[in-house]
1. Within the bounds of the stretch 102-125, is there any residue that is over 20 Å from residue 161 (Cβ atoms) and either assigned to a helix (DSSP H, G or I) or in contact with a strand residue (DSSP E or B) (Cβ under 9 Å, 6 or more places away or on another chain) (or both)?
2. Between 367, 349, which is buried (at least 18 other Cβ atoms within 10 Å of the Cβ) and at pLDDT below 95?
3. For the stretch 126-137, state whether one or more residues are over 22 Å from residue 197 (Cβ atoms) and in a loop (DSSP other than H, G, I, E, B).
4. Kindly list the number of the only condition in (1) surrounded by fewer than 19 Cβ atoms within 10 Å (Cβ to Cβ); (2) modelled with pLDDT under 90; (3) over 18 Å from the mean Cα position of the chain (by Cα); (4) not in a loop (DSSP other than H, G, I, E, B) that fails for residue 234.
5. Would you confirm, using the coordinates I've provided, whether residue 213 is closer than 30 Å to residue 97 by Cβ, in contact with a strand residue (DSSP E or B) (Cβ under 9 Å, 6 or more places away or on another chain) and modelled with pLDDT of 90 or more?
6. Just one of (1) farther than 21 Å from residue 161 by Cβ; (2) surrounded by fewer than 17 Cβ atoms within 10 Å (Cβ to Cβ); (3) modelled with pLDDT of 60 or more trips up residue 187, so point out which.
7. What are the residues in the stretch 237-258 that are surrounded by 15 or more Cβ atoms within 10 Å (Cβ to Cβ) and at pLDDT below 85, if any?
8. Evaluate the following for residue 82: is it modelled with pLDDT of 95 or more and part of a helix (DSSP H, G or I)?
C-alpha cells in the first residue's frame, strides 16, 4: 500500500466514524453527494478525484452549517488529501479550520491538538512561519490541557513539541525553545526506538537554555547526550560537530569549576559522569577526563582576565524580544590582547554575533607565562548570554 493510499484509507475511516456519530442527523443533499463521490474515489484509489470530492464535501458542510464536529472531520479529510497532493497552503487552511471548529465547540483536547499540529506542519511546508507559530501554539495548549495524560497524543506529541521548539529558536526565543525541548525529553521514551535527530536537537536546545541559565553541569549533560545521539544516527556533520564543540566547551567549563578554590577536586566532572552512566539511552561518554583536563606544564600560568566588559544588547534584538547565546573561541597573545575571535555556535544565528565579538575584542588579560616569560595561549572559549531579566 502506498503512503497516498494509506492516508486516503485513514481519512475514510475517520469520516466513516464521524458519519456514524452524526447518523441521527440526515446530511444535506450537497454534503451527501460530495461525500458519496469522495467514497467512490477512495474505492477507486483515485487520489485526485478524492481531493476534489473532499474539498467539495468540506465546502458544502460549511455552507450548510451542519454539525460542527462532522464539519471538522470533513475539513480534516480535505487537509489530509491536500497535503498528499502537495497543496500545502490548502492543507494548512483546511486543518486550521478543523482546529478552529474543534476549539469553538470544545471538542476533546487530543482532537484539537492533532488538528492544530497538522495545521502548523503544513504552514511550515508552505513557508509560512508566522502561521506555523500560531498554529503550533494552539497544538501545545491542547496537549497541556490533557494534564499529563498523553496516551491519546503519544504518536505525535514529540513532533508537536519539537516543531514548536524549532519555531521558537528561529524567532529568537531561545529560552522558550529549551523549555519546550525539556518537555519533549520528559515524555515517556519508547525503549524500542533508537534516539534520532529530534532527540539530538532537543538536547541541543535544552543545553543552550541551561548554558544561558549558567547551569553548566546540566548543559554539559544535554550536549554530551545530544552529541552521542547524533553520532549514532550518522547525522549531518554540522549537527554532530556543533554538539561535539559544545560538549567540549561545557566539559572545559566544568573543569574550571573543579579547579576553583584550594580543593582542585573533580566533583563536577564526577557528577556529570555518574549522570551519563545512568542515562536510559546508555550514552557513551566520549570525552574521557584526560582528553579535556590536560596536565598543566610545570611553570605554566594560564592567562587571567583583568578587563572584560559585557557586550551591549543589540537594539534590534531588544526591540524584537530576541534572547540567545553565542559561544566564541579565541586566542590570547603575549601582551594579553584577544586575537582570532570566531563564532563556535550562536542561537539565533547572526543576531548577537557582532556584539559578542566586538566586546571580546576589547577584553584584556594578564598574559599566560611559562617560567615567568609571557607566552600566547590558544583555544580559549567563552559564552555570552543575551536574555531579559526574569
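1. Of the residues in the stretch 102-125, the ones over 20 Å from residue 161 (Cβ atoms) are 104-107.
Retained after the next criterion (residues that are either assigned to a helix (DSSP H, G or I) or in contact with a strand residue (DSSP E or B) (Cβ under 9 Å, 6 or more places away or on another chain) (or both)): 104.
Scanning the stretch 102-125 turns up at least one residue that is over 20 Å from residue 161 (Cβ atoms) and either assigned to a helix (DSSP H, G or I) or in contact with a strand residue (DSSP E or B) (Cβ under 9 Å, 6 or more places away or on another chain) (or both).
2. Details: 349 fails: buried (at least 18 other Cβ atoms within 10 Å of the Cβ).
Testing whether each residue is buried (at least 18 other Cβ atoms within 10 Å of the Cβ) and at pLDDT below 95 leaves just 367.
3. Step one: list which residues in the stretch 126-137 are over 22 Å from residue 197 (Cβ atoms), which gives 126, 128, 130-131, 134-135, 137.
Then drop every residue that is not in a loop (DSSP other than H, G, I, E, B), which leaves 126, 128.
Taking every residue of the stretch 126-137 in turn, at least one turns out to be over 22 Å from residue 197 (Cβ atoms) and in a loop (DSSP other than H, G, I, E, B).
4. (4)
5. Working: closer than 30 Å to residue 97 by Cβ: no; in contact with a strand residue (DSSP E or B) (Cβ under 9 Å, 6 or more places away or on another chain): yes; modelled with pLDDT of 90 or more: yes.
Spelling it out, it is not the case that residue 213 is closer than 30 Å to residue 97 by Cβ, in contact with a strand residue (DSSP E or B) (Cβ under 9 Å, 6 or more places away or on another chain) and modelled with pLDDT of 90 or more.
6. (1)
7. Passing the criteria: 251, 252, 253, 254, 255, 258.
8. Working: modelled with pLDDT of 95 or more: yes; part of a helix (DSSP H, G or I): yes.
So residue 82 passes the test.
The values are calculated or read from the model by the stated rules, or taken from the named source; none is laboratory data. Please read all numbers here as calculations on a predicted model, not as lab measurements. Note that we place each Cβ from the backbone using ideal geometry, even for glycine, and neighbour counts take in every protein chain shown.
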